[in-house]
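Reading through the structure tokens given below for one structure.
What follows draws every value from the coordinates through simple rules; no lab data is involved. Here the structure is a predicted model, which means the values were calculated and not measured.
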Amino acid sequence: AQRVTQPEKLLSVFKGAPVELKCNYSYSGSPELFWYVQYSRQRLQLLLRHISRESIKGFTADLNKGETSFHLKKPFAQEEDSAMYYCASGGEYGNKLVFGAGTILRVKS
Amino acid sequence: NAGVTQTPKFQVLKTGQSMTLQCAQDMNHEYMSWYRQDPGMGLRLIHYSVGAGITDQGEVPNGYNVSRSTTEDFPLRLLSAAPSQTSVYFCASSLGAQGILGELFFGEGSRLTVL
């Protein structure tokens with residue numbers, strides 16, 4: 001079955017430090033990969049998708065097919081980045097988007 | 001703009017009771033879906049629909065029914081609630097029938113407790 005693994009439940013960093021949220025997927029084909037974010041008291045929302053190759057709020061994510069990874073990175077964390085981050089993958093099951101368990105990012109001042 | 005609206009926001013049920021979680025969107029989206037969010041398990045797809053009259057099962061469909069009689073509405077029915085269905089439920093919609101290729105817009109969530 002298609003799986004998305006986010007190994008860290010909680011990642012705590014200091015403001016200004018680099019951030020890397022890990023995501024690995026199991027789909028052997030060409031996946032559609034996304035990062036969604038849920039800020040406190042806000043709705044879950046799309047942060048970025050691999051197909052658009054954008055940088056959103058300073059975050060980037062590169063698809064590494066060899067390692068089946070789609071890690072989310074930001075060079076300098078800000079306090080407002082504190083949120084729950086979900087990696088999601090589609091492709092194997094048509095319209096079914098599979099989410100990882102999520103990683104809570106806490107940026108300390 | 002309302003976007004995706006879910007009701008109720010909170011609900012407490014007794015085991016065996018039935019209820020319907022309502023979801024409506026005003027963006028003329030073809031794709032709608034229901035997820036449940038549980039600690040340590042992320043979001044799991046319950047059911048989804050690619051258009052009016054069309055529904056299909058997700059990862060965890062047992063115990064839930066859905067229907068899609070209009071483009072706007074996608075209710076989720078619990079016929080006989082069980083404590084294992086205690087969760088936060090999210091409705092999400094997307095413009096195209098290929099929902100995963102587009103941006104999913106989420107509702108605020110409905111917190112359900114089954115005693």
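Look at where the Cα atoms of the stretch B:61-87 and of the stretch A:20-46 average out, and the two centres are 25 Å apart. From the Cα gyration tensor of the protein assembly as shown, with a ≥ b ≥ c the square roots of its eigenvalues, which class applies: rounded if a/c is under 1.5, or else prolate if a/b is larger than b/c, or else oblate? Prolate is the answer for the protein assembly as shown, as a/c is 1.5 or above and a/b outweighs b/c. The aspartates and glutamates within cross-link reach of A:K96, meaning a Cα-to-Cα straight distance under 15 Å and a gap of 8 or more places when in the same chain, are A:E32, B:E30, B:D56, B:E59, B:E103.
For chain B, the antiparallel share of DSSP beta bridges with both residues in that region comes to about 90%. Based on C-alpha pairs under 8 angstrom that are at least 6 apart in sequence, chain A has a relative contact order of 39 percent.
Among B:G40, B:G53, B:G102, the largest mean-square fluctuation in a Gaussian network model of chain B (Cα springs under 10 Å) belongs to B:G40. Hey, which of these cross-link pairs are over 25 Å Cα-Cα: A:K22/A:K65; A:K73/B:K9; A:K22/B:K9; A:K108/B:K9? Long pairs (Cα-Cα over 25 Å): A:K73/B:K9; A:K22/B:K9; A:K108/B:K9. Result for chain B in a Gaussian network model with C-alpha springs under 10 Å: among B:V66, B:V12, B:V88, the largest mean-square fluctuation is at B:V12.
Listed by chain and number, the aspartates and glutamates whose C-alpha is less than 16 Å from the C-alpha of A:K74, apart from same-chain residues fewer than 8 away, are A:E20, A:E54, A:D62. Just A:S69, A:S40, A:S26 to compare: in a GNM of chain A, with alpha carbon springs under 10 Å, which one fluctuates most? Largest GNM mean-square fluctuation: A:S40.
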